[in-house]
1. Restricting attention to the stretch 409-434, report how many residues are within 23 Å of Thr147 (Cα to Cα), in a loop (DSSP other than H, G, I, E, B) and open to solvent by less than 10 Å² (accessible area, probe 1.4 Å).
2. Report those strands (runs of 3 or more DSSP E) wholly inside the stretch 730-828 carrying at least 2 residues which are aromatic (Phe, Trp, Tyr).
3. Tell me which residues, restricted to the stretch 879-895, are touching a residue at least 40 places away in the same chain (Cβ under 8 Å) and either farther than 21 Å from Tyr831 by Cβ or surrounded by fewer than 23 Cβ atoms within 10 Å (Cβ to Cβ) (or both).
4. I'd like the full set of residues that are at positive phi and within 16 Å of ligand 1 (Cβ to nearest atom), limited to the stretch 171-212.
5. Restricting the stretch 355-402 to residues that are of a type in the set (Val, Ile, Thr) and within 25 Å of Asp205 (Cβ to Cβ), which is nearest to ligand 2 (Cβ to nearest atom)?
6. Quick check on my filter: what residues within the stretch 813-862 are among the aromatic types (Phe, Trp, Tyr) and within 24 Å of Leu626 (Cα to Cα)?
7. Within the stretch 193-247, how many residues turn out to be hydroxyl-bearing (Ser, Thr, Tyr) and under 27 Å from the mean Cα position of the chain (by Cα)?
8. Of the residues Glu298, Glu376, Glu310, which single one is within 28 Å of the chain's Cα centre (by Cα) and either at pLDDT below 95 or closer than 27 Å to Leu440 by Cα (or both)?
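The values are calculated or read from the model by the stated rules, or taken from the named source; none is laboratory data. The shown structure was predicted, so the numbers you read here are calculated from the model rather than taken from an experiment. Cβ: placed from backbone, ideal geometry, glycine included. Neighbour counts: every protein chain shown. The accessibility values were calculated without ligands, DNA or RNA, using every heavy atom of the protein model including side chains. Shrake-Rupley method; radii C 1.70, N 1.55, O 1.52, S 1.80 Å.
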Amino acid sequence: MAEKIVQLKKKTLTVNGQDVMVIADEEAILSDVIRKQLGLTGIKVGCRAGQCGVCSVILNGKLVRSCVMKMKRVDNFSTITTIEGIGTPGHLHPLQQAFIKHGTVQCGFCNPGFIVSAKALLDQNTNPTRADVRKWFQVNRNACRCTGYKQIVDAVMDAAKVMRGEMKFEELQYDFAAEKTFIGSYAPRPSGEAKVCGVWNYGADLGLQLPASTLRLALVQAKVSHAKILSIDTAAAEKMPGVEKIVTHKDIKGSNRIFGFACIPGNTCDGYDRPILCDDKVFMYGDAIAIVCADTDEHAKAAAAAVKVELEELPAYMNAADAMAEDAIQIHPGLENVYFEQSTVKGEDTKPIFASAPVVVEGSYHTTRQPHLVLEPDVGFSYYDEEGKLTIHSKSIALYIHIDMICEGLGIPKEELRIVQNPTGGTFGYKISITVEALLAAATMATGKPCYLEFDMEQTITYTGKREVGHVDIKMAADKDGKLQGLEYQHIFDHGAYSEWGDIVLFKGNQFIGAGYDFKNIRGHGKLVCTNHTYGTAFRSYGSPQSLWASECLIDELAEKIGMDPLELRYKNVYRPGATTPTGQEPEVYSLPEQIEWLRPKYQAALKSAKEKSTADKKYGVGIALANYCCGGDFGDMCEVRLELAPHGVTIYSTWQDHGQGSDMGTKTILHEALKPLHISMEQIKMVMNDTGTAPDGGCSAGSRGQLFYGNAMIDASEKLLDAMRKEDGTFRTYDEMVAEGIELAYTGSWASGQYCTMIERETAQCNPSPTYMYGMFMSEVVVDMKTGKATVEKMTMTADNGTIINKLSVDGQMFGSYSQGVGFALTEQYDDLDKHKTLAGCGFPYIMDIPDEMHVEYFENKRELGPYGASGVGELPLSSPHASIANAVNNACGVRIRDLPLLPEKILAGLKK
Ligand code: FES
Ligand code: FES
């Protein structure tokens, strides 16, 4: 008899109404059995810890999170309902149709779990109130990072009406045939049906479909934050069962460095500071040291644990102050820990202005390292394609840029590298950075075989980049009537272990501290600091939340000092003709005054209501903040797409990468409009998206550039195609006529912003970095529990000028979702303590009861001259300053001014005690 036997148990389960025989290990996890053994990948797996609900199923009539349910707790003859048992494409349940209608579908990763959860609720209560629905999702830990939850509750309420017979199912459907134009419409996105049915296959779902020969990868990762590597011993691990190869830095053919895009003159880092696999040093916790390639996940993990790494620990500088201390050693030998500095010099010298100004205020403001908290763990796979190209599938939102970042390090010509974006469960910016791509490529190059790498949630949180910590010492001068006279600041961004995209974020400090106001005279200085904490990367509104946190809170402090209403102080000073941005650029529209005028009566009513509602135990308050962000890669940027006439209509080849923001809907809407003379329907537009093997280089999906750049490039391609199809009499050739006449069918469209931008002046930071901007105002209404110090946001009202709205459903989703991330940033989210902040809940993930159910956005659609149909960008404006409006509201409620995020109850309580 074998030394160790494997025992399995046979059960009969009724899964989605069908009796099936299941033979499984009693210790196996239900979600794994459903996904891997039963092949039902509709339910997803995120946290594996019962904290996100994406794995929800109904077991014997009860909602359960299947990732924490062992098979031994699933009795013989149990019934299980997964998303596949609720509705399928073409046969949607009212919940699924309502989820589509209300725009709950963004990345879609949470949708199956929410729908299963809502089904369990409606099975026991057909007439829930909004409060019931919110409580249900809170108790059952259904988490969504994209939407802001409001739309999900809207959807459940409508579905319940349909199920009670009070609403027709058809009222949930969108009538595409009734629309002549989709610009500004509530048309749902093309991926909606697949997402609500669980058949939108993300990386882990695709991973289950790969050939059996695919190697499974496990990483050997650093458990310290700073160390010298003395040796890496793989000998014993290599002999372990199933191990094909252990890849270390010695196996990497190229320079073993990821190029981190050093973009701005003056940056003393060349951008080659991040290893693919650590060679001499460990720079941060989680750094990858070796990759085990094996036949199963279990074998790969077991061997990874057996790799011996000998380290000499070095002092770990976990914040900027420590890394800047005089006795601090260089983290990257040869590079100062402060490796980039940028001043702002605008207008007159501010020293005499501050010396004589009637009113001066100052403060030190600090933001936390914000985690992205995506629900889909980072994941990818790699293989050689049919042409022999090394092909990587990942969550990349910068496909061509990622080729540039890793080809040299891997030692492969960029023409031989292809990157594809898998359907992606949220990135919010972190996937502008390299995560699994170079590791997968290195493994496939070393083995010649397909390779698959899936992070768990802890790896996703600790290995991927974060919003960098910002520290701003800021000072404002004004006259006694509140007219701003001058601005001074020093800002420091802790960009963590690697320089990737760091000079850009430091510049954002110069671009956005004091943005929105007519500051004619500014003196500022920023420092970018390397530390041993997790590296900084893009996160919605990159660099602006740290900047506006300082200036939008200090504006309130100024108003308080003068005795002026903070809204009126803003009204007096916001951009009007003649004003320029902190970098000296003329705004392309001046819509802030009209936005404030719209907001004023609501603000006054909210203040009155807060005063009336406040008691000794509960204080209510209202806070305002100005929102501002730019669109496009800084100092000039470009985009290409290819459009082809086809028998079915047209095919668009594009890399408008989708994090969940809805580039599929943006693509179809803009093309439908641009090709109107052809009278083609939405269905006739086919999309081949996000594959460098098929689409030209469109640039990244970051910096709120997608709509502007891809939109304009698609219009350009459409015009070229229409010109080619146009006959002398003004009518258009058919596809057959084009072929018969031998006329080219495919056209490349492009758009570049270089002619509208200027490069940064090294000494002053003066420049026109971006072709368009977005402007808005936040009003947050909060309540503070005076006993516990807990602040809760009860209502959000926002005004926003994003130019023309291309798709209202998607834009609303971006606004509410971003605001919710701002609530988290303001009140709960942290990533600092490497022992505590490793799970979604540990990082302060905002659940439904943390987010207000009352949210409204009022749009001011000032057409942008450069935008497609007048559109600007969307997704980053609403995370530029919501946290400042919340802090201002807390101060308004209880008189406690917190300058250090997040506003934890203990900080507010300490302020109250003072
Ligand atoms: S609760 Fe199961 S994956 Fe998060
Ligand atoms: S749509 Fe909910 S997590 Fe993305």
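1. As a first pass, look at the stretch 409-434 and keep what is within 23 Å of Thr147 (Cα to Cα): 421-432.
Of the ones still in play, those that are also in a loop (DSSP other than H, G, I, E, B) are 422-429.
Now narrow it down to the ones that are open to solvent by less than 10 Å² (accessible area, probe 1.4 Å): 422, 424-427, 429.
The qualifying residues number 6.
2. On the way: elements: 746-752, 772-785, 791-801.
Those strands (runs of 3 or more DSSP E) span 746-752, 772-785.
3. Step one: of the stretch 879-895, the residues touching a residue at least 40 places away in the same chain (Cβ under 8 Å) are 879-894.
Ser885, Asn888, Ala889, Val890, Asn891, Asn892, Ala893, Cys894, listed by residue number.
4. Step one: of the stretch 171-212, the residues at positive phi are 184, 198.
Matches in the stretch 171-212: Gly198 only.
5. Step one: of the stretch 355-402, the residues of a type in the set (Val, Ile, Thr) are 359-361, 367-368, 374, 379, 391-392, 397, 401.
Checking the rest, the ones that are also within 25 Å of Asp205 (Cβ to Cβ) come to 374, 379, 391-392, 397.
Working: Val374: 8, Val379: 15, Thr391: 26, Ile392: 23, Ile397: 14 Å.
Residue satisfying both the conditions and the ranking: Val374.
6. At the first step, the residues of the stretch 813-862 found to be among the aromatic types (Phe, Trp, Tyr) are 816, 819, 825, 831, 845, 847, 859-860.
Passing the criteria: Phe816, Tyr819, Phe825, Tyr859, Phe860.
7. Narrowing the stretch 193-247 to residues hydroxyl-bearing (Ser, Thr, Tyr): 202, 213-214, 225, 231, 234.
Of the ones still in play, those that are also under 27 Å from the mean Cα position of the chain (by Cα) are 202, 225.
Summing the residues that are hydroxyl-bearing (Ser, Thr, Tyr) and under 27 Å from the mean Cα position of the chain (by Cα) in the stretch 193-247 gives 2.
8. Glu376
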